[in-house]
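The block underneath contains the structure these notes are about, expressed in structure tokens.
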Amino acid sequence: MAAVYQAVCRRASALICRFHSTYVRKMRYLNDLKEDDSLCRQAQTSGTFYLFHNLSPFLQEVGKQYLVPQVSAAEMKRILEKFKEAEQWIEKSVLIGCSDEHVPHFALDLGALEKSVIESELKGSFTNLRKALFVVDEKDSPLLASAQSLLRWHDSHQYCSKTGQPTQKNVAGSKRVCHASGIIYYPQMSPVVITLVSDGSRCLLARQPSFPQGMYSALSGFCDIGENVEQTVRREVAEEVGLEVESFQYSASQHWPFPSSCLMIACHALVREQQTEISMNSLELEEARWFDLEEVVEGLKREPGSSKQDDGSLLPWFPPKQAIAHQLIWEWVKQQTSQLA
Ligand SMILES: NC(=O)C1=CN([C@@H]2O[C@H](COP(=O)(O)OP(=O)(O)OC[C@H]3O[C@@H](n4cnc5c(N)ncnc54)[C@H](O)[C@@H]3O)[C@@H](O)[C@H]2O)C=CC1
Ligand SMILES: [Mg+2]
């Protein structure tokens, strides 16, 4: 009876599925892979793999382009057979998505294997993520960022922080379990607020000592435990530049893999026109100042290389479009120019 009931349910859910959009079906499939170890193990045999070596993604340089190759399961098998314990390597992979046709995508870090062997087999090279994100096609950057973050999380959560016992990942890599205590660990992101402060006609951009020369960005800061986004915006602006936020507006968000895994929550904030004197916290920032519209528009046109002047000084430039700070600055320019029109 139970078997008949299950068959009816399966048929019903298959019928319902047919009416779902491609997106819904894809999300449901990914969720099934996360929940069902045997389904996911089977998926590994037909999936594609994005490779990393000590958290650096594998890229291929073709002409002036950098491609992010997807290695087929068969190709993966062929390469791993060159090393010992080939089968065990596939088990280290983590699920990072799937195509509209439900071909699952995995990420795999081959850090303990000889890098040069893999590079020459696959004709490419493992490239530092900070470089990779800015040279690959725009659609591939978020994928590389989230894949690396997930691999990093697994690498640094091998043991239970309560019992000290090893933790085991599920096949998809969506969690790790300590079988001694029953504690389940899920991949984490730290919420960070990034705020573009404006006084109505100028915007405030700052430099941290670690930024590349000449680059200015919006103010950023990790959320403290218990804070909401508004409280973090107000606190960070007060801490870093000594100003009081009057009002703020959410703009967009982005996952950011540095220093480990941040959820960047981007906001515009307004301070009173009469209270714009900056009192910079020099422990965190090396410069913070107001920029007018013209200076921001000019800065957006500049690239790191083109910011150097003949006398060696640097003109300001801003984060590239892959960073959400860029989007905030663009939005501010658009809003200012629409006000002027
Ligand atoms: N995608 C983008 O456009 C941008 C991204 N960012 C990212 O935002 C992050 C945070 O910005 P900051 O101004 O550096 O933050 P911050 O102003 O809160 O200062 C960083 C300090 O906060 C402390 N901290 C508190 N919680 C932390 C946590 N969960 N992880 C690490 N450190 C923590 C540490 O002492 C650290 O040195 C940066 O790591 C950076 O990668 C920053 C600007 C632009
Ligand atoms: Mg900060």
Next item on the list: Could you tell me whether any residue of the range 317-327 is modelled with pLDDT of 95 or more, part of a helix (DSSP H, G or I) and more than 22 Å from Arg130 (Cα to Cα)?
Entry: no
Note: among Ala206, Ala180, Ala145, just one is closer than 26 Å to Leu55 by Cα and among the aliphatic types (A, V, I, L, M), namely Ala145
Residue count, the range 191-211, condition within 13 Å of ligand 2 (Cβ to nearest atom), surrounded by fewer than 21 Cβ atoms within 10 Å (Cβ to Cβ) and touching a residue at least 40 places away in the same chain (Cβ under 8 Å), comes to 4
In the range 62-112, anything among the acidic types (Asp, Glu) and open to solvent by 80 Å² or more (accessible area, probe 1.4 Å) is listed as Glu81, Glu85, Glu87, Glu91, Asp100, Glu101
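Considering the range 176-187 alone, what residues qualify as being part of a loop (DSSP other than H, G, I, E, B) and crowded, with 16+ Cβ neighbours inside 10 Å?
Across the range 176-187, the qualifying residues are Cys178, Pro187.
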Please work out if Glu303 is free of Cβ contacts under 8 Å to residues at least 24 places away in the same chain, farther than 21 Å from Asp224 by Cβ and not aromatic (Phe, Trp, Tyr). yes
By residue number, the members of the range 237-251 that are without any contact (Cβ under 8 Å) to a residue 12 or more places away in the chain and either outside any helix (DSSP H, G or I) or among the charged types (D, E, K, R) (or both) are none
Counting only residues in the range 240-260 that are more than 10 Å from the chain's Cα centre (by Cα) and within 8 Å of ligand 1 (Cβ to nearest atom), the one farthest from Phe134 (Cα to Cα) is identified as Glu240
Within the range 212-236, of all residues that are at pLDDT 95 or above and in a loop (DSSP other than H, G, I, E, B), the one most open to solvent (accessible area, probe 1.4 Å) is Ile225
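Yes/no matrix, rows are residues, columns are (1) farther than 26 Å from Lys92 by Cα; (2) touching a strand residue (DSSP E or B) at 6+ places or on another chain (Cβ under 8 Å):
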position: Leu150; (1), (2): no, yes
position: Ser156; (1), (2): no, no
position: Tyr159; (1), (2): no, yes
position: Val177; (1), (2): no, yes
position: Val193; (1), (2): yes, yes
Those residues of the range 252-286 which are assigned to a strand (DSSP E or B) and more than 30 Å from Leu143 (Cβ to Cβ) amount to Ala269, Leu270, Val271
From the option list Leu283, Leu315, Leu328, single residue qualifying as aliphatic (A, V, I, L, M), open to solvent by 20 Å² or more (accessible area, probe 1.4 Å) and within 16 Å of ligand 2 (Cβ to nearest atom) is Leu283
Over the range 155-174, the set of residues open to solvent by less than 50 Å² (accessible area, probe 1.4 Å) and closer than 20 Å to Cys262 by Cα is Gly173, Ser174
Within the range 128-164, the residues that are over 22 Å from Asp37 (Cα atoms) and either of a type in the set (Val, Ile, Thr) or part of a loop (DSSP other than H, G, I, E, B) (or both) are Asn128, Val135, Val136, Asp137, Glu138, Lys139, Asp140, Ser161, Lys162, Thr163, Gly164
When Ser307 is run through (1) within 16 Å of ligand 1 (Cβ to nearest atom); (2) farther than 11 Å from Ser198 by Cβ; (3) open to solvent by less than 60 Å² (accessible area, probe 1.4 Å), the failure sits at (1)
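The values are calculated or read from the model by the stated rules, or taken from the named source; none is laboratory data. Bear in mind the structure is a predicted one, so any value in this text is a computation, not a measurement. Please note: Cβ atoms are built from the backbone with ideal geometry, for glycine as well, and neighbour counts cover all protein chains shown. Accessible surface areas use protein heavy atoms only, side chains included; no ligands, DNA or RNA. Shrake-Rupley method; radii C 1.70, N 1.55, O 1.52, S 1.80 Å.
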